[in-house]
Amino acid sequence: MLCNWITRFLDILFFSLASAQTSIWSNWWTYDGISGPRYWGLNPEWILCQVGKYQSPIDILPEKLLYDPALTTILFPSKKMNGNLTNTGHDVTFHVEEDLMPHFNVTSGPLQYEYRIYQIKIHFGHSDVVGSEHLINGLSFPAEVQIMAYNADLCDNFTQALITPNGLAIFAIFAEIGPVGNEAFTILADNLKYIPSKGQSSWISGLPLVILLPRTTQYMTYEGSTTQPGCHETVTWVIFNKPIYVLKEQMLELRKLNQKGGSDQQLLIEGNVRPAMPLNNRVIRTNIKYENKIKNCTVTKEVFYEVNTLRNDVRRKREGR
């Protein structure tokens, strides 16, 4: 009886909120509790978060990968970026300087159009064990860097691309703890001390995008959604098969950032991770070659996947084996 009353109360509450301004919803959503991922879809404009069939992130199972020889190397711009690093209250976002955006187009790979880099987001967990949005065979990384780009051939801006088929491409980079930090990530991390609270920004000049990328041309790709409301199913995802390395101290600095501003410093951003969503029979393609281990069998195959091997090694170290 009590559960039914609470459910009814929440229905009325969310229906009332649905008629309010968009800014109320933007301030309302979080990653836990009654404003967490389970309830995002109660906003009618975010209904895909609840009923969508092509949602992200996902758990990538190596044995389910489909090798596609047509997947070529992705071409990234070599220029350095300028922009603002901002504490949004939901994540850490680097916004590329608008005047420079035309110089940062990404092509080839699984992309049929040119995609213009708009922003870079960082997702991270409460600890070094959990923090990436995408999983590899159920295993997580401490953080995931997402380079977000919009379709410059079909769309005038990022907002338009959110609701346009093939509108977005997001390049996911796993971050693992290591003795030497990635140079580009270090530039971002060094500016975290200037943005402890929501709404604060720090200007960064000369961010080397090509250094932020892992040293690999291999990746997985699938069709999915944005991982924050309203979960738009307009994204071509690319997940690289190797991580970059970050320092433990840098992860600790990320976990000091607050969701709120002013004197309200009780809620931290850490744990800004949407749970893995059902694959729903989607195909995950890869340019990582596999070999048939049984000469006379054309079905059985073993997928050689470097990230999965790395995660197994890391897991063994953490378990002291």
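Worth a mention:
- Tensor-based shape of region 40-82 (alpha-carbon gyration tensor, a/c under 1.5 rounded, otherwise prolate or oblate): oblate
- The calculated FRET efficiency for the pair T159 and E63, based on their C-beta separation and a Förster distance of 41 Å, comes to about 0.60.
- Cut-off under 5 Å, modelled amide H: who pairs with Q218 long-range: N241
- Annotation: amide H-H contacts under 5 Å for V246 (H modelled 1.01 Å from N, sequence separation of 5 or more, or interchain): E176, I177, G178, N182.
- FRET efficiency, Q112 to T186 (Cβ-Cβ, R0 56 Å, nearest 0.05): 0.95
- Annotation for region 182-219: chymotrypsin sites (Phe, Trp or Tyr not before Pro) lying in DSSP loop with at most 12 further Cβ atoms inside 10 Å of their Cβ do not exist.
- Annotation for K79 and K289: the two label points, set 7 Å from Cα along the Cα-Cβ direction, are 3.6 nm apart.
- Between I170, F124, V106, the Cα set farthest toward the positive side of the dipole of region 2-254 (charges on each charged residue's Cβ, about the Cα centre) is that of F124.
- Using the Cβ-Cβ distance between K53 and S205 with R0 set to 56 Å, the FRET efficiency works out to roughly 0.85.
Read-outs throughout are calculated quantities, based only on the coordinates presented, and are distinct from any laboratory measurement. Just so we're clear, the structure is a prediction, and the values are computed from it rather than from any experiment. Don't worry about glycine lacking a Cβ; one is built from the backbone with ideal geometry, like all the others, and counts go over all protein chains shown.
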